[in-house]
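Report on the structure given below.
The values are calculated or read from the model by the stated rules, or taken from the named source; none is laboratory data. Here the structure is a predicted model, which means the values were calculated and not measured. In this analysis, Cβ positions are derived from the backbone assuming ideal geometry, glycine residues included, and neighbour counts consider all displayed protein chains. The area values use the complete protein model at the heavy-atom level, side chains included, leaving out ligands, DNA and RNA. Shrake-Rupley method; radii C 1.70, N 1.55, O 1.52, S 1.80 Å.
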Amino acid sequence: MGAGRLYGAVAAGAFRRYATYRAATAAGVFANTVFGLILVYTYLALWDERPRLGGYDQAQAVTYVWLGQALLAAAAIGGGGFEDELMERIRTGDVAIDLYRPADLQLWWLASDLGRAGFQLLGRGVVPFAFGAVFFEVALPSEPLRWAAFLVAVGLGVVVGFGIRYLVALSAFWLIDGTGVVQMSWLAGFFCSGMLLPLNVFPGELGEVVRALPWSSLLQAPADVLLGTADPLPTFAFQAAWAVALLALGRLVQSAATRRVVVQGG
Amino acid sequence: MAGLRAYRLITAMWIRSTMAYRASFVMTTFGNFAATALDFVAILLMFSRVDALGGYPLPEVAFLYGLSSVSFGLADLAIGSMDKLGRRVRDGTLDTLLVRPAPVLAQVAADRFGLRRLGRVTQGALVLTYALWTVDIDWTAAKLLLMPVMLVSGAGIFGAVFVAGAAFQFVAQDASEAQNAFTYGGTTLLQYPPTVFGQELVRGVTFVLPLAFVNWLPAAYVLDRPYPLGLPQWAAFTPPLVAVGCGALAGLAWRAGLRTYRSTGS
């Protein structure tokens, strides 16, 4: 199948592209490890005060911290995905060239983002996670099936993350300068994904609301699958529903946006 | 001093150019404010479930948070753009700064001066005000005097970390994230009580990278709390000395870094 090969090549290209920034990757691993260390101690103090807070024991809370550090770059929770590049192409008008290519704009960027996420998971995620597992008491499953389910949840989370960031990037068609939108989306992502604090620690109604939003697919959902505090199948269904909804909305906005494209003469 | 004059002129230029787009300035400043406020929201969420963290109640944690945030915010406002040095080394644009008749450090420090960073200072100052309002302190003349001294010294210590981090980027050009681990990581660490962290970590940020002198030690004096690592009481009054010492070491590191600079030749 030709199309499959094309998008596979795009993903592989993105993987290789991020793999060339070795010093940046090493610096990122270091930063994730340091932040993980700080967070682990604050979580331990929190769980010392309130054992079994949010249904986690201490080992599970510690595991959650290192999962967050491992997935931060892969799911682009703190930004740093493809969106800056796409917004720049929209701003300069280069996107017109992309639209003439015999490839679908959304699928092209999705493939590229999946390649990026794949590298970030291996290059930036594994080492901080391994550091955490070696130096702290963590709760990791021994069944391979649970690990497989975790990887599926991570993959679905990355697609949901892409869906959100694609909409953010498309806003540049209307706004020209999307700095504000990017920043707001970053804040929402950090707060609602569980990066700041596990969502099951959020009090009352607030907790229920954030758990129903798409961002919970990025970190909370994979974490709960790995920690065994959520059933995999309903979790997948939740993530897949958001992925489909966001991708469909992205298509809709894309077709509205491309009708606006006016190629500047020159 | 030629350095200060150059710094003043360049920052004034950047402020003027920022003010040309006022709406954008207001938005990014608010974004800066909101992004840093998120850290404090995390602390508030924690305190919605517990009464103390590491033995410190909310007003005392807010006190530590406010001191750390304002000190770091001032350093970040003054020279926070220094983490962009790696890019200038990579693309060779540092050459432009080398041929100008002003100290390179002053030019790099003032480069892309971001007035929006007032957002962080404002946020920290608000939390500090809240803390001073609610915390129970037996004010004495010494304690009152120590307040401005520790804010300025803290900014000096963080400033030294910024300069040392930039010096490191002469060698590792892609490693700005490693610098973030010490700057942003450092301020996050200091927002929590020292009792939360492991003894080794506390020892490291007292004797190796002396961040503890930003707030932990002087605040222990103001709050009448036990000193971390059982240090003597006079240690609370050493932050100015530590700041000067750090500044001198960072200056040496900067000179050494600048000497290793080889232009890209492009």
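Below, the figures for the structure above:
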{"read-out": "Other protein chain Cβ atoms within 10 Å, averaged over every residue that makes up B:44-53", "value": "5"}
{"read-out": "Solvent-accessible area, 1.4 Å probe, carbon plus sulfur percent, for the protein assembly as shown", "value": "66"}
{"read-out": "Peptide-level mean, for B:178-185, of C-beta atoms on other protein chains within 10 Å", "value": "5"}
{"read-out": "Computed magnitude of the charge dipole of the protein assembly as shown (debye, nearest 20; Cβ of K, R +1, Cβ of D, E -1)", "value": "1800"}
{"read-out": "Radius ratio Rg over Rh of segment B:134-215, counting only Cα atoms, Kirkwood formula for Rh", "value": "1.05"}
{"read-out": "At 1.002 mPa s and 20 °C, Stokes D of the protein assembly as shown from Kirkwood alpha-carbon radius, µm² per second", "value": "87"}
{"read-out": "Relative packing of peptides B:251-258, A:107-114 - highest average C-beta neighbours within 10 Å first", "value": "A:107-114, B:251-258"}
{"read-out": "Sequence-separation-based contact order of segment B:193-266, relative, with Cα cut under 8 Å and 6+ spacing, percent", "value": "24"}
{"read-out": "Relative intensity, log₁₀ I(q)/I(0), of segment A:7-74 from a Debye sum that treats every alpha carbon as a point, q = 0.20 Å⁻¹", "value": "-0.81"}
{"read-out": "Separation between Cα centres of segment A:39-84 and segment B:4-69, rounded to whole Å", "value": "22"}
{"read-out": "Total formal charge among the other residues, if their Cβ is under 12 angstrom from that of residue A:92, Lys/Arg +1 and Asp/Glu -1", "value": "-2"}
{"read-out": "Residue A:133-residue B:145 pseudo-label distance in nm [points 7 Å out on the Cα-to-Cβ vector]", "value": "5.6"}
{"read-out": "Residue-averaged beta-carbon neighbours from other chains (10 angstrom radius) around A:196-202", "value": "3"}
{"read-out": "Residue B:261-residue A:9 FRET efficiency (beta carbon distance; Förster radius 41 Å; 0.05 resolution)", "value": "0.60"}
{"read-out": "Neighbourhood charge, 14 Å Cβ-Cβ cut-off, centred on residue B:119 and excluding it, Lys, Arg +1 and Asp, Glu -1", "value": "+1"}
{"read-out": "Highest-first arrangement of A:224-236, B:13-25, A:186-198, where packing means the average Cβ count within 10 Å", "value": "A:186-198, A:224-236, B:13-25"}
{"read-out": "For the protein assembly as shown, accessible area per residue (1.4 Å probe, heavy atoms of protein chains only), Å²", "value": "44"}
{"read-out": "Top positive-direction residue, dipole computed over segment B:134-266 with Cβ charges, set B:244, B:218, B:172", "value": "B:172"}
{"read-out": "Segment B:126-266, dipole about Cα centre (Lys/Arg Cβ +1, Asp/Glu Cβ -1), debye to the nearest 20", "value": "440"}
{"read-out": "Surrounding net charge for residue A:75, when Lys and Arg each add one and Asp and Glu each subtract one, Cβ distance under 14 Å", "value": "+1"}
